[in-house]
Amino acid sequence: MTTLTRTHAVWDSPLGPVVATADDGAVVRLGVRVEPRPDDGERDDAALPALREQLEAYWCHQLTDVDVPLQPAGTPFQQRVWAALRTIPYGTTWSYRELAEQIGAPTAVRAVGAANGRNPVWLVIPCHRVIGSNGALTGYAGGLDVKRWLLDHERAGLWR
């Protein structure tokens, strides 16, 4: 049986500390303003250099999509939702209903919302781009202020 090497890194960002956790180089968790978890392995801030570079480029409006190896743990349904989230274009938003329709489950709006809320890899899997059908910002694990900042940041980047 192969043992995974789990590490985590903590970096600064415009929103506060970013914590990235990886198994053998594949990102399993990424969050802003969160604390490392006991199961995140050893801290190595030099780990995941491609992710760090791409996030820095994202913060500077030089990159719209982060593309690094991912391995978030989730059910097959959650994986479908998370894959669809990665297709939402930078600087735009979809409603939960649109996301449910995208995965071929138009009546599963609540389940889509729950899967969105369990996204363990914020930013790379852009759950912040999902809003209510009425255009209102809805829950975000990092807080609505972070969600608003990310959406405003992306909209500003479209005009650079």
Would you point out the residue of the range 23-47, among those that are free of Cβ contacts under 8 Å to residues at least 40 places away in the same chain and among the small types (G, A, S), that is surrounded by the most Cβ atoms within 10 Å (Cβ to Cβ)? G41
Looking at the range 132-142, is at least one residue modelled with pLDDT of 95 or more and either in the same structural domain as V10 (by TED's automatic domain parsing) or small (G, A, S) (or both)? no
Cβ pairs under 7 Å, 6+ apart or interchain, first in the range 80-93 and under 13 Å from G104 (Cα atoms), second surrounded by 18 or more Cβ atoms within 10 Å (Cβ to Cβ) and among the polar types (S, T, N, Q), ordered by first then second residue, are V81/N116; A84/Q102
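Select from the range 1-36 the residues that are basic (K, R) and farther than 25 Å from W149 by Cα and list them in ascending order.
Passing the criteria: only R6.
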Some residue of the range 23-36 being farther than 18 Å from G142 by Cβ and part of a helix (DSSP H, G or I): no
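Taking the options V121, V112, V27, V32, name whichever one is modelled with pLDDT under 95 and closer than 28 Å to L158 by Cα. Full working, then the answer.
Numbers: V121 fails: modelled with pLDDT under 95; V112 fails: modelled with pLDDT under 95; V27 fails: modelled with pLDDT under 95.
Result of the check over V121, V112, V27, V32: V32.
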Out of all the residues in the range 101-118, is one or more without any contact (Cβ under 8 Å) to a residue 60 or more places away in the chain, touching a His at 6+ places or on another chain (Cβ under 9 Å) and not hydrophobic (A, V, I, L, M, F, W, C)? no
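Kindly evaluate V146 against the criterion of being under 18 Å from the mean Cα position of the chain (by Cα) and without any contact (Cβ under 8 Å) to a residue 40 or more places away in the chain.
On the way: under 18 Å from the mean Cα position of the chain (by Cα): yes; without any contact (Cβ under 8 Å) to a residue 40 or more places away in the chain: no.
Considered against the rule, which asks whether it is under 18 Å from the mean Cα position of the chain (by Cα) and without any contact (Cβ under 8 Å) to a residue 40 or more places away in the chain, V146 comes out as no.
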For L15, which of the numbered conditions (1) touching a residue at least 12 places away in the same chain (Cβ under 8 Å); (2) closer than 17 Å to N119 by Cβ; (3) assigned by TED's automatic domain parsing to the domain that holds G132; (4) surrounded by 15 or more Cβ atoms within 10 Å (Cβ to Cβ) fails to hold? (3)
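Kindly indicate which of D23, D39, D12 is over 15 Å from P120 (Cβ atoms) and out of contact with any His (no Cβ under 9 Å at 6 or more places or on another chain). Give the steps one after another, and end with the answer.
Working: D23 fails: over 15 Å from P120 (Cβ atoms); D39 fails: over 15 Å from P120 (Cβ atoms).
That would be D12, the only listed residue that is over 15 Å from P120 (Cβ atoms) and out of contact with any His (no Cβ under 9 Å at 6 or more places or on another chain).
The values are calculated or read from the model by the stated rules, or taken from the named source; none is laboratory data. All values derive from a computational prediction rather than experimental measurement. Neighbour counts are summed over all protein chains in view; Cβ atoms, including those assigned to glycine, are modelled from backbone coordinates with ideal geometry.
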